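Here is the structure we will look at.
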Amino acid sequence: MTENSKAPGFSNWSCPLPLADYPTIVMGHGGGGKLGNELVEHLFLPAFRNPALENLGDAAVFETAGARLAMSTDSFVVQPLFFPGGSIGDLAVNGTVNDLAVSGAEPKFLSASFILEEGFPLSQLAAIVGAMAKAAATARVQIVTGDTKVVERGHGDGCYITTAGVGVLRSNTAVGPKRAKSGDAVIVSGTIGDHGMAIMSVREGLEFESQIRSDCAALNGMIAEVLDGVGAAVHAMRDPTRGGLASTLNEIACSSDVGVALDEASIPVRPEVQSACELLGLDPIYVANEGKAVFFVAPEAAERVVEILRAHPLGKDAARIGHVTAEHKRMLVARTALGANRVIPTMIGEQLPRIC
Ligand code: MG
């Protein structure tokens, strides 16, 4: 082989960055991508291993004392604390409510823990707590326990919140991340990237004709209507938060050992979100959502699910965006607007730090 024939191909290409084996935590470990998954698989899972954890759902699902329950927890470190369409308080309630709802549970009780930095204005804390109370009332959950810790000035970033939630599994459903089947329709409940770009617009000082607002919302009411309508025809659900739609679809493809084929042109994206993404060099398919759900549904129920979603105020832009296939297992492949196919991998680290 001559030097020339060797040089340009992929055969002697090597990845410039090691993907694992970081001696210290990097920001990407919290980005909802591959690095975070590695922490779960190589550290948390071996240490804590049990059947409920092994499912790696948005919430753990288990049976105890005759009750079928779901339990979830999430920490919130978003910056800024207040943004168009919500605040860290709204995220803290809705994030946990949604993780329970997409696990097939009716969310019931939440805890809320606050880590506050010395000097944090009480007026801001009151606004956050007010937003949490309102979000809890809207989602019909109760915040029944909590904790407050304070760290010295300079050792925190104003306010961090951790919520946990417990829900009761609905009887008319059998969803799980491993249950997507070849032939299933993939449906998203609305436009993608709104939350991430609302935060980024504030951080970057971007201005558009219409302000980008976070989609932050509790989805349990909408999901209940879908499950009441088509029951066990829904095989899997997930809320595409950090890492966006791309990460969610890749995760379900891996968990269910199937391929996902996307029709890229059918994915709903607001024009202002698309413009903001283009300005910042981002792809909306990787940008976080806080009020959207993805459904994997038996094909015969797909039309009905889209109908039910579109009749709900939080699902009016719902669309069927692809299907599950036995081909290209554990991979997400999109047909682009130009008719070409492209593989969409899981993000390695993170695109946008501290987005939720
Ligand atoms: Mg989730």
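Read-outs throughout are calculated quantities, based only on the coordinates presented, and are distinct from any laboratory measurement. Values in this document were obtained by computation on a predicted structure and should not be read as measured data. Neighbour counts are summed over all protein chains in view; Cβ atoms, including those assigned to glycine, are modelled from backbone coordinates with ideal geometry.
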- [ ] Compute the distance in nm between two label points, each set 7 Å from the Cα along the Cα-to-Cβ direction, one at Leu206 and one at Val151.
- [x] 2.9 nm
TODO: Mind jotting down the distance between the C-alpha centroids of region 131-157 and region 47-108, whole Å?
DONE: 15 Å
Task: Vicinal HN-Hα couplings computed from phi for region 327-339 (Karplus, 6.51 cos²θ - 1.76 cosθ + 1.60; Hz; Gly/Pro x) - done: 7, 5, 4, 6, 10, 9, 10, 10, 8, 7, 4, 8, x
Task: ³J(HN,Hα), Karplus 6.51/-1.76/1.60, whole Hz, each residue of region 72-82, x for Gly, Pro - done: 9, 9, 7, 10, 10, 10, 4, 10, x, 5, 10
- [ ] Give the long-range amide H neighbours of Lys108: residues separated by 5 or more places, or on another chain, with amide H under 5 Å away, using H modelled in the peptide plane at 1.01 Å from N.
- [x] Val166, Gly167, Val168
Task: Approximate shape of the chain as ellipsoid semi-axes (Cα gyration tensor, √5λ), whole Å, largest first - done: 31, 26, 22
TODO: Calculate how large, on average over all directions, the projected area of the Cα convex hull of region 58-171 is; give the answer in nm² to one decimal.
DONE: 7.4 nm²
Open item on the list: Cut-off 17 Å, label point 7 angstrom out along Cα-to-Cβ of Val343: give me the residues of region 248-274 whose amide nitrogen falls inside.
Closed with: 249-255, 257-262
- [ ] Pull out a ≥ b ≥ c, the square roots of the eigenvalues of the alpha-carbon gyration tensor of region 215-356, then state rounded if a/c is under 1.5, prolate if not and a/b is larger than b/c, and oblate in the remaining case.
- [x] oblate
Open item on the list: I want to verify a result. In a Gaussian network model of the chain, Cα cutoff 10 Å, which of these has the top mean-square fluctuation: His195, His323, His42?
Closed with: His42
- [ ] Sort region 128-287 into rounded, prolate or oblate with this rule: let a ≥ b ≥ c be the square roots of the eigenvalues of the Cα gyration tensor; rounded if a/c is under 1.5, and if a/c is not under 1.5, prolate when a/b is larger than b/c, oblate otherwise.
- [x] oblate
Open item on the list: Among Ser201, Ser275, Ser75, which one shows the highest mean-square fluctuation when the chain is modelled as a Gaussian network with alpha-carbon springs under 10 Å?
Closed with: Ser275
- [ ] For region 230-292, divide the Cα radius of gyration by the Kirkwood radius and give the resulting Rg/Rh value with two decimals.
- [x] 1.02
Task: ³J(HN,Hα), Karplus 6.51/-1.76/1.60, whole Hz, each residue of region 65-71, x for Gly, Pro - done: 6, x, 10, 9, 10, 10, 9
TODO: Hey, can you grab everything whose amide H is under 5 Å from the amide H of Ile348? Only 5+ residues off in sequence or another chain; H modelled, so Pro and N-termini drop out.
DONE: Lys34
- [ ] Amide H neighbours of Ala217 under 5 Å, at least 5 residues apart or on other chains, H built in the peptide plane: list them.
- [x] Gly291
Task: the chain: calculated mean residue ellipticity at 222 nm from DSSP helix runs of at least 4, using -39500 (n - 2.57) - done: -8500 deg cm²/dmol
